[in-house]
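I have placed the structure first, in the form of structure tokens, so that the comments after it can refer back to it.
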Amino acid sequence: MKVLVINAGSSSIKYQLYDMPDRRVLAKGRVERIGDDQSELFHTCGDETVTRKEPVADHERAMELILDILTDPQAGAVTELAEIATVGHRVVHGGEEFTGSMIVNDQVLASVERFVDLAPLHNPHNLVGIRAAQAKLPDATQVACFDTAFHTTLPEVAYMYALPFELYERFRVRRYGFHGTSHRYVARRAATLTGIDKYQSNTITCHLGNGCSIAAVQNGRSVDTSMGFTPLEGLVMGTRTGDFDPAILFYLADKGYDLTALNTLCNKKSGLLGLSGASNDMRTLEKLAAEGNSRAELAIEVFCYRVRKYLGSYFAVLNELHAIVLTGGIGENCPLVRKLICQNLSQMGIELDIGVNEKAIGQEIAITTPDSKVAVLVIPTNEEQAIAGDAFELAAQVAKSP
Ligand code: ADP
């Protein structure tokens with residue numbers, strides 16, 4: 001079965017076509033700068049990469065381009081669209097309702113629409129992606145995979161804020177958590193790599209990319225995570241603050257900052273970018289720090305210190321810890337950050353293998369010594385494969401049911 005995975009953002013659609021159940025990627029690519037007259041399509045099939053520049057007015061047109069290139073006699077991966085039986089969509093917010101991936105029907109669509117209120121920057125684009133795929137592939141089974149679903153197992157004690165309870169009752173103000181598909185994928189891989197049953201495995205999974213979050217996974221289920229009501233809470237990120245004293249907002253409001261300015265400040269101008277004043281990109285900061293830029297060095301140190309604080313607190317949350325996973329662009333590729341996070345953690349049973357850590361780039365590998373009580377694993381995340389897996393399983397169930 002061919003499964004198309006769609007990740008629709010505000011101005012881009014990323015896609016991967018899988019042959020399932022083999023999990024073979026047949027083609028992948030992205031349309032960028034949708035709505036611009038300089039839109040671009042990048043498409044890779046086998047060793048060939050095709051780039052097309054043309055105005056793409058909206059997501060529907062982008063979807064048309066993607067399906068055109070997937071069926072292109074030269075660059076394509078299928079002969080006809082009917083071969084694509086299933087489409088898996090990344091959807092950011094599933095509220096408290098969706099504890100797993102769902103086949104899209106009118107009710108599911110209505111709920112995703114309702115959760116626009118909770119994720120106004122993401123769910124609208126995810127919805128547009130689903131509708132465009134429905135329009136272009138009316139016979140395919142559409143599946144929605146929610147970033148929040150993996151964290152719906154958080155206990156009340158972890159998801160409740162110490163705000164007036166009525167805010168939860170009236171507005172569902174609580175911690176939801178995000179990056180769930182990534183945390184689930186790497187936690188399962190960690191269980192496989194450590195030879196522990198996935199429902200008995202305890203891991204702390206650190207997704208360190210542009211957005212960063214960490215999760216405590218007990219017996220294969222998420223029991224705590226650092227992102228909260230929105231992705232702003234928790235770790236220091238490329239441009240987001242992570243945890244900070246919300247009273248700073250009242251103070252700045254007094255100084256004349258309005259709501260929009262505060263929102264931009266916290267989500268777009270803070271984190272690594274805000275601290276360094278130079279970049280949100282860890283590669284750039286590493287280079288600047290090596291050249292003696294003290295602000296870049298500070299940004300890296302604050303970033304790693306925050307991760308260490310969360311590791312300590314999740315160590316306390318879990319009754320036993322089998323593995324820590326580092327993933328995302330930074331976790332997979334940055335030995336310096338991994339060293340700063342993991343050094344001097346022998347009280348947690350962690351003995352970093354400095355030599356292995358230095359060489360581990362973008363591959364599945366343990367960066368701790370063989371006698372380390374807790375393994376630290378670098379595991380490249382693969383949210384697309386996880387979405388393709390869910391979509392395939394749900395579509396197969398539909399096919400079987402009378
Ligand atoms: P996104 O959250 O947008 O998917 P990624 O997971 O791709 O982001 O992570 C982006 C981050 O990973 C950036 O800060 C980038 O600098 C960092 N990164 C990627 N490759 C490396 C590398 N070789 N060394 C250090 N940092 C890296």
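Just for segment 192-205: of the residues that are in contact (Cβ under 8 Å) with a residue 40 or more places away in the chain and either open to solvent by less than 10 Å² (accessible area, probe 1.4 Å) or of a type in the set (S, T, N, Q) (or both), which one is nearest to residue 386 (Cα to Cα)?
It comes out as 205.
Being of a type outside the set (Gly, Ala, Ser), in contact with a helix residue (DSSP H, G or I) (Cβ under 8 Å, 6 or more places away or on another chain), open to solvent by 90 Å² or more (accessible area, probe 1.4 Å) and within 16 Å of the ligand (Cβ to nearest atom) narrows it down to one of 291, 286, 297, 301, so name that one. Walk me through it before giving the result.
On the way: 291 fails: in contact with a helix residue (DSSP H, G or I) (Cβ under 8 Å, 6 or more places away or on another chain); 286 fails: open to solvent by 90 Å² or more (accessible area, probe 1.4 Å); 297 fails: open to solvent by 90 Å² or more (accessible area, probe 1.4 Å).
Being of a type outside the set (Gly, Ala, Ser), in contact with a helix residue (DSSP H, G or I) (Cβ under 8 Å, 6 or more places away or on another chain), open to solvent by 90 Å² or more (accessible area, probe 1.4 Å) and within 16 Å of the ligand (Cβ to nearest atom) holds for just one of 291, 286, 297, 301, which is 301.
Inside segment 385-402, can you point out the residues that are surrounded by 23 or more Cβ atoms within 10 Å (Cβ to Cβ) and within 16 Å of the ligand (Cβ to nearest atom)?
386, 387
Scanning segment 161-191 for residues that are open to solvent by 70 Å² or more (accessible area, probe 1.4 Å) and not in a helix (DSSP H, G or I), which turns out nearest to the ligand (Cβ to nearest atom)?
Per the criteria, the residue is 172.
The rows are residues; the columns are (1) in contact (Cβ under 8 Å) with a residue 40 or more places away in the chain; (2) more than 16 Å from the ligand (Cβ to nearest atom).
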{"site": "310", "(1), (2)": "yes, yes"}
{"site": "315", "(1), (2)": "yes, yes"}
{"site": "346", "(1), (2)": "no, yes"}
{"site": "356", "(1), (2)": "no, yes"}
{"site": "362", "(1), (2)": "no, no"}
{"site": "372", "(1), (2)": "no, yes"}
{"site": "376", "(1), (2)": "yes, yes"}
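Only one of 324, 350 is away from the ligand (no atom under 16 Å from the Cβ), assigned to a loop (DSSP other than H, G, I, E, B), open to solvent by less than 10 Å² (accessible area, probe 1.4 Å) and at negative phi. Can you tell me which?
Just a single option satisfies the conditions, and that option is 350.
Is it the case that residue 241 is closer than 24 Å to residue 301 by Cα, among the β-branched types (Val, Ile, Thr) and in contact (Cβ under 8 Å) with a residue 12 or more places away in the chain?
The answer is yes for residue 241.
Anything in segment 353-374 that is in contact with a strand residue (DSSP E or B) (Cβ under 7 Å, 6 or more places away or on another chain) and hydroxyl-bearing (Ser, Thr, Tyr)? List them, or say none.
368
Among what's in segment 91-139 and is surrounded by fewer than 22 Cβ atoms within 10 Å (Cβ to Cβ) and small (Gly, Ala, Ser), pick the residue that is nearest to residue 15 (Cα to Cα).
135
For segment 15-66, which residues satisfy the criterion of being polar (S, T, N, Q) and free of Cβ contacts under 8 Å to residues at least 60 places away in the same chain?
38, 39, 44, 49, 51
Of all residues in segment 206-224, which are within 16 Å of the ligand (Cβ to nearest atom) and buried (at least 24 other Cβ atoms within 10 Å of the Cβ)?
206, 207, 208, 212, 213, 214, 215
The values are calculated or read from the model by the stated rules, or taken from the named source; none is laboratory data. The structure presented is a predicted model; accordingly, all values stated were derived computationally and were not measured. FYI the Cβ positions are ideal-geometry reconstructions off the backbone, even for glycines, and counts take in every protein chain you see. To get the accessible areas, we keep the full protein, side chains included, count just its heavy atoms, and leave off ligands, DNA and RNA. Shrake-Rupley method; radii C 1.70, N 1.55, O 1.52, S 1.80 Å.
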